[in-house]
Amino acid sequence: MIAGGKGLVLPGVFDGLSATIARRAGFEAFFIGGLPLVGARYGVPDIGLKGLAEIRAGVADILDACPMPALVDMDDGYGDVKNAVHTMHSYERLGVSALMIEDQRWPKRCGHMAGKQVVPTADMVNKVRAMVAERRIADTFIFARTDARAVNGLDDALRRAECYLRAGADGLFIEAPESLDELARIGRSFDVPMIANPLEGGKTPILKPAQYHALGFQILPYGLHLLMRVAKVMQDSLRDLYSQAMEMDYASSAMPFEEYLDVVGLPQWHGVEERNS
């Protein structure tokens, strides 16, 4: 898909239902980020409260419900080089197509939150080099992410990205640039697949996909686009229900029952019954 040159818009999914709806909407791949997954599945913020076992369980459920190419956020690999390789192998066994590893110091946090710290460049270089050498699937795509922009400035982030590229990373993600000028500088600095992160409420300017592509970014994970809207609908609906003032007419704002049953595959299961009864 990346080699096709058209650029990828990846919806951020967080469970089997959201992934299935993304596929039905026409998307051919999706992004599984830590913030939406741990928020939706466990009701906690993305500040390192959940590790590989918990997050992998959510990824497994999503891919079991909807086996499509996925870019998965693997945080810092949950330890040193051996842990990073173990995490990669664990996700490769699930069928994950692409992984993103970051240079934050644990406990990590969402890339647009304050208070981040980064590890020494050499530590991240060793992880990237180890992952590249130990891939069990040759096509597993490894994105190296740096969070150094918010900690040490853009110059350090660019230097780190160059080191990670030399270590063998297939693509780069410089997290949380804060202006169009910074996006443009990043985009013209590297000739490899790069990620931009349009995050509602984040530090990076939110642009249309074509604008990011023009600046040199091929992969656009809209990680919170779906979650924020689903959370708002749930909040408003429950407030309405709790008030007992609603008119119980949700036809215009809710998915019809029969359509929902179709989304979750009831016709296919009816077919199984009919063929085997």
Original post:
Given the conditions (1) under 26 Å from residue 193 (Cα atoms); (2) not in a helix (DSSP H, G or I), and given that residue 50 satisfies all but one, which numbered condition is not satisfied?
Top reply: (1)
Subject >> Candidates 54, 92, filtered to the one that is of a type in the set (Asp, Glu), surrounded by fewer than 21 Cβ atoms within 10 Å (Cβ to Cβ) and more than 27 Å from residue 117 (Cα to Cα) >> reply: 92
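Yes/no per residue for (1) in a helix (DSSP H, G or I); (2) at pLDDT 95 or above; (3) among the small types (Gly, Ala, Ser); (4) in contact with a Phe, Trp or Tyr (Cβ under 7 Å, 6 or more places away or on another chain):
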position	(1), (2), (3), (4)
204	no, no, no, no
210	yes, no, yes, no
220	no, yes, no, yes
238	yes, no, no, no
245	no, no, yes, no
255	no, no, no, no
260	yes, no, no, no
277	no, no, yes, no
Subject >> Candidates 44, 59 - the one that is modelled with pLDDT of 95 or more and assigned to a loop (DSSP other than H, G, I, E, B) >> reply: 44
**OP:** Within segment 104-118, work out how many residues are crowded, with 18+ Cβ neighbours inside 10 Å and without any contact (Cβ under 8 Å) to a residue 60 or more places away in the chain.
**Re:** 3
Original post:
So residue 21 clears everything in (1) in contact (Cβ under 8 Å) with a residue 24 or more places away in the chain; (2) farther than 19 Å from residue 90 by Cβ; (3) not in a helix (DSSP H, G or I) except one condition, right? Which one?
Top reply: (3)
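Scanning segment 119-143 for residues that are among the aliphatic types (A, V, I, L, M) and touching a residue at least 40 places away in the same chain (Cβ under 8 Å), which turns out surrounded by the most Cβ atoms within 10 Å (Cβ to Cβ)? Step through it out loud before you land on a result.
Our first condition is that a residue be among the aliphatic types (A, V, I, L, M); within segment 119-143, this holds for 119, 122, 124-125, 128, 130-133, 137-138, 142.
Those still in the list that are touching a residue at least 40 places away in the same chain (Cβ under 8 Å) too: 119, 124-125, 128, 130-131, 137, 142.
Details: 119: 17, 124: 27, 125: 19, 128: 25, 130: 20, 131: 25, 137: 13, 142: 21.
So the residue we want is 124.
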**OP:** Run down 84, 98 and say which single residue is modelled with pLDDT of 95 or more, closer than 21 Å to residue 218 by Cα and buried (at least 21 other Cβ atoms within 10 Å of the Cβ).
**Re:** 98
**OP:** Report the residue count in segment 206-224 for those that are of a type outside the set (S, T, N, Q) and in contact with a strand residue (DSSP E or B) (Cβ under 7 Å, 6 or more places away or on another chain).
**Re:** 10
Subject >> Residue count, segment 168-177 (criterion: at pLDDT 95 or above, assigned to a loop (DSSP other than H, G, I, E, B) and crowded, with 21+ Cβ neighbours inside 10 Å) >> reply: 1
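Out of all the residues in segment 40-50, is one or more small (Gly, Ala, Ser) and touching a residue at least 60 places away in the same chain (Cβ under 8 Å)?
yes
The values are calculated or read from the model by the stated rules, or taken from the named source; none is laboratory data. Owing to the predicted nature of the structure, the values given are computational and were not obtained by experimental measurement. No Cβ is skipped: glycine too gets one built from the backbone with ideal geometry, and neighbour counts run over all protein chains shown.
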